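Inspection log for the structure reproduced underneath, given as C-alpha cells.
The values are calculated or read from the model by the stated rules, or taken from the named source; none is laboratory data. Only a predicted model underlies this, so the values are computations on that prediction, with no experimental measurement involved. We place every Cβ from the backbone using ideal geometry, glycine too, and count neighbours over all the protein chains shown.
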Amino acid sequence: MELHNFHKEFKLNSTSFATVDELLFYTAKYSDKIHHFLQEWFSEKDYVIVHTSGSTGIPKAIKLQKKQLQNSAVATGDFFKLKEKTTALLCLPIEYIAGKMMLVRAITLGWHLDVISSNLDPLKQHLTSYDFSAMVPLQVENSIEKLHQIKKLIVGGGAVSDSLQEKLQKVTTEIFATYGMTETITHIAVKKLNNFGLPKGIATNKAFHTAFYKILPNTTIFKDERNCLVIKNTRISDKVIFTNDVVALISDTQFEWLGRFDNVINSGGIKLYPEKIEADLSKIIRQRFFVAGIKDEKLGEKLVLLIESSGDKSIKLTDQLNSEMKNSKLFSKFEIPKEIHFINSFAETETKKIQRKKTLDLIKFI
C-alpha cells in the first residue's frame, strides 16, 4: 500500500473515507491526538517520531520509518490471519507505539477500527464484539467478564501474573502475551496464554511454563555474551537490535524470557532474577508488587519486596508472607526478601507501567 494513502476498506468508528483529506477533517473534530498522528503519517516525510514510555529508563524520541511500520502491520496480520474488514478495538493511548500501531494496522490492512477511551476498564459499558484488540494486563484483569467480546487479544506493556493467567483459562478469547519494544515497532514475538487444547485430565496451569515466545515472520534471533536476546529483522529495523533481556533459546524460532539483565541482583555473589522471583510470588500475593535490589554493606545488594498496599496491616501480612515463602518449595533461601515495604501507590507511566526506580526511591521517605 502507498505511504500517503490508506486501504480502501479502512473504517474509523464505522465511518468510511474517500480521501485522506476527508479522514483528516473527521479526526480534527474527533481527536486531536489521532489527527496529529495522521497528519504526520500522511505527510511527505518517510518517518514518524515515536516516544518510548519510560518504564525502563528516561523517555526518549525515536525515528521510525513508515515503511517499517507498515511491514510490522503486515506481519501481525499474517501471523494472526487478520485480513481486510477485520473489526478491531483501539483502547490504548495513541501517544505511544502500541496505540499508534493499532491505527497503522487498520489503515494498512483495511480494518474497521473503533476507538474508545484508554481507561483501565475499557469494556465496562461497551457492548460491541470485535475480531481483534490489544490491552495492558490491568485492562485485561478488569475486563475478564467481558473478554468474550473479543476473538483474539494481544497483551503487552507488562508481565501477566500467574493469577491473571489462571483466570484466562476460562475465557474463550484467544489471548497472547507479546514481546517487543518501541525500537522493534511493538511485538516481534508472541506467546499463547490460554486455549492450549490440552487433553482432558491435564491441569491447564501446567501449560503456563511450556508456552514459549514464537517469533513473527522475517525475524532472526540469537544471544550475545550476556545471554541477552539479539534481534535481526531488516523489514522493521535497519540495525541489529541488542536487548537487555536475558533469554533461553528453545529453537531458531522460540525463546523463553528470563528477565532483564539490568535488573539482575547480585546478593552476596548469588545472581537473583527479579522476574523469576516475581512469577513465584504472584502465586501468594494478589496486590501489585515487585522485587528489587538495594545497596547493602555485607551483601553488596539485598533483595527487597515492595507491595502496593496500605501499611495498616503490614506487620501481620509481613509475618504471613515470610512464613509462606520459607515453607514453599518455590523459593531458595536467597530468594526470600530481606525487607518488605508497603507503598500506597506505585509510580507509573501514562500507560500504567510500574516505574521501578521511582517507586524504589519512595522507600527512603517512608
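Residues of segment 1-41 that are outside the structural domain of Gly110 (by TED's automatic domain parsing) and either over 25 Å from Tyr130 (Cβ atoms) or free of Cβ contacts under 8 Å to residues at least 40 places away in the same chain (or both): Glu2, Leu3, His4, Asn5.
If the condition is being closer than 15 Å to Ser72 by Cα, in contact with a strand residue (DSSP E or B) (Cβ under 7 Å, 6 or more places away or on another chain) and assigned to a loop (DSSP other than H, G, I, E, B), then segment 207-235 contributes Leu216, Thr219, Asn233. Report, by residue number, each residue of segment 278-298 that is closer than 15 Å to Glu166 by Cβ and of a type in the set (S, T, N, Q). The one that is closer than 15 Å to Glu166 by Cβ and of a type in the set (S, T, N, Q): Ser282. Within segment 14-51, the set of residues being farther than 25 Å from Thr86 by Cβ and in contact with a strand residue (DSSP E or B) (Cβ under 9 Å, 6 or more places away or on another chain) comprises Asp46, Tyr47, Ile49, His51.
Can you confirm whether segment 108-127 contains a residue that is assigned to a strand (DSSP E or B) and either of a type in the set (Lys, Arg) or under 21 Å from Gly259 (Cα atoms) (or both)? Checked segment 108-127: no residue is assigned to a strand (DSSP E or B) and either of a type in the set (Lys, Arg) or under 21 Å from Gly259 (Cα atoms) (or both). Inspect segment 26-47 for any residue being closer than 25 Å to Ser117 by Cβ, over 19 Å from the mean Cα position of the chain (by Cα) and among the basic types (Lys, Arg) and give the result as yes or no. Yes, the conditions are met somewhere in segment 26-47. When residues in segment 1-16 are screened for being within 24 Å of Asp46 (Cβ to Cβ) and either surrounded by 15 or more Cβ atoms within 10 Å (Cβ to Cβ) or not polar (S, T, N, Q) (or both), 9 of them pass. Quick test for you: out of Ser117, Ser129, Ser133, pick the one residue that is of a type in the set (S, T, N, Q), surrounded by fewer than 18 Cβ atoms within 10 Å (Cβ to Cβ) and either outside the structural domain of Glu174 (by TED's automatic domain parsing) or at pLDDT 95 or above (or both). When all the criteria are applied, what remains is Ser129.
Considered as a group, the residues in segment 17-43 that are surrounded by 14 or more Cβ atoms within 10 Å (Cβ to Cβ) and small (Gly, Ala, Ser) include one that is nearest to Lys100 (Cα to Cα), and that residue is Ser31. Would you mind stating whether Val104 is over 26 Å from Glu40 (Cα atoms), touching a residue at least 12 places away in the same chain (Cβ under 8 Å), crowded, with 19+ Cβ neighbours inside 10 Å and of a type in the set (Val, Ile, Thr)? So Val104 does not fit the description; no. Here segment 140-163 is the region considered, the condition is being out of contact with any strand residue (DSSP E or B) (no Cβ under 8 Å at 6 or more places or on another chain) and without any contact (Cβ under 8 Å) to a residue 60 or more places away in the chain, and the residue that is surrounded by the fewest Cβ atoms within 10 Å (Cβ to Cβ) is Glu145.
Among the strands (runs of 3 or more DSSP E) confined to segment 258-366, the ones with at least 2 residues that are crowded, with 18+ Cβ neighbours inside 10 Å are located at 265-267, 289-296, 300-308, 339-343.
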